[in-house]
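One structure, pasted below without further comment.
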Amino acid sequence: MRSLAARRRGLDIWPGFVDALTSLIMVMVFVLMLFAIGQFVLSDSLAGKNRALDDLNARVAELAKTLSLAQNTNRALDTKVNELSASLGSATTERDSFKTALDAAQAQAAQLSTDIGALQALKAQLEAEVARLAGELGTSQDEVAKGKELSTQQIAQIELLNRQLAALNAQLAQIQAALDVANKDAKAKDVKIADLGKQLNIALANRVGELERYRSEFFGRLRQALGNRPDVRIVGDRFVVPTDILFDTASAELSGPAAEQMQKLADTLKEVSAEIPSTVDWVLRIDGHTDRRPIHTDRFPSNWELSSARAVSIVKYLVVQGIPAPRLSANGFGEFQPLDAGETPESWAKNRRIEIQLTNR
């Protein structure tokens, strides 16, 4: 009986061992599954990061290519700017030399005109003297023809008159030759002056035409920056802005909403002025205008003071924003240069304005 019980206890241990081993195997299988899933997720994540890295590398390569093209374009633009600056400097030097030569030629022409006048006056005096001597000689010859006896002294006087007459005629011939040469030189100087004036006008036209290109670009950018407002317009070579969007009534202080408009003006001016060659002497004119209604206050006794103060306020704002003061000019015209001669509120609003002009100094 005892042996049978021991044998039964030995048989009872095996199922528990099998269960434990099965559980261990299941745990190991679960751990392996977790490892496999983690490995799959990690591989997928790495693959996604690799794809993202490849995309970034492609974008970097594209940006590098774009940067290289931009650098090449920038170098080309710098070269073109240098060429234009050199050409403008040469044109400026040539214009200055033309102007110097023109001034010298005009001075020479004035001197020639003075000399010609003096020669003509001397010629007239000599011609009068010749006429007088010829009259005296004719009188003496008439007396000889009448058979009057002449003394030795009278004969000598006649011979002296003949010699003086011949000398005066020779001197007149020399003066006439000098006058001919002077007139020829004067005509040559006139031709040279006309040619120099034409070349100077061409040089000045080139300077004005160059600034006109930057003026057009400035107005275009400024109109775009201000949002293409219908009340902001270009009149001739001036950019016209209503004062109602910049100042309160009877005030020369920039209003709150005006700060944004003035900042756009300053930024646009900085961009365009950076492109203008240093050889172009430009200035930005700010002209203030009012309507016909008079103002009488302690600060503004008339519209002159109001329009001038508004132009000065804008100039001061631009100086604070970094625009060089020597490049700015403030002017006030009061109500004396209206755009609309009407007496309606619409006409008054059109005449209340700030005019901006980019021009030569």
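The values are calculated or read from the model by the stated rules, or taken from the named source; none is laboratory data. Values in this document were obtained by computation on a predicted structure and should not be read as measured data. Quick reminder, even Gly has a Cβ in these numbers, built from the backbone with ideal geometry, and neighbours come from all protein chains shown.
Scan the range 236-293 residue by residue and report those that are small (Gly, Ala, Ser) and either surrounded by 19 or more Cβ atoms within 10 Å (Cβ to Cβ) or assigned to a loop (DSSP other than H, G, I, E, B) (or both).
Selection gives GLY236, ALA250, SER251, ALA252, SER255, GLY256, ALA258, SER278, GLY288.
Hey, another quick one. Could you check how many residues of the range 304-343 are part of a helix (DSSP H, G or I) and over 16 Å from PRO242 (Cβ atoms)?
Selection size over the range 304-343: 14.
Only residues in the range 257-285 that are in the same structural domain as ALA311 (by TED's automatic domain parsing) and at pLDDT 90 or above count as the first member; pair them with residues that are in a helix (DSSP H, G or I) and exposed (fewer than 15 other Cβ atoms within 10 Å of the Cβ), Cβ under 9 angstrom, at least 6 apart or cross-chain, and list the lot.
ALA266/VAL320; THR268/GLN224; VAL283/PRO326
Quick grid of which residues meet (1) touching a Ser or Thr at 6+ places or on another chain (Cβ under 8 Å); (2) at pLDDT below 70; (3) over 30 Å from THR359 (Cα atoms); (4) among the small types (Gly, Ala, Ser):
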position: ARG132; (1), (2), (3), (4): no, no, yes, no
position: ASP142; (1), (2), (3), (4): no, yes, yes, no
position: ALA166; (1), (2), (3), (4): no, no, yes, yes
position: GLN174; (1), (2), (3), (4): no, no, yes, no
position: ALA186; (1), (2), (3), (4): yes, no, yes, yes
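Does TRP304 qualify as being surrounded by 13 or more Cβ atoms within 10 Å (Cβ to Cβ), in the same structural domain as SER347 (by TED's automatic domain parsing) and under 29 Å from ARG213 (Cβ atoms)?
no
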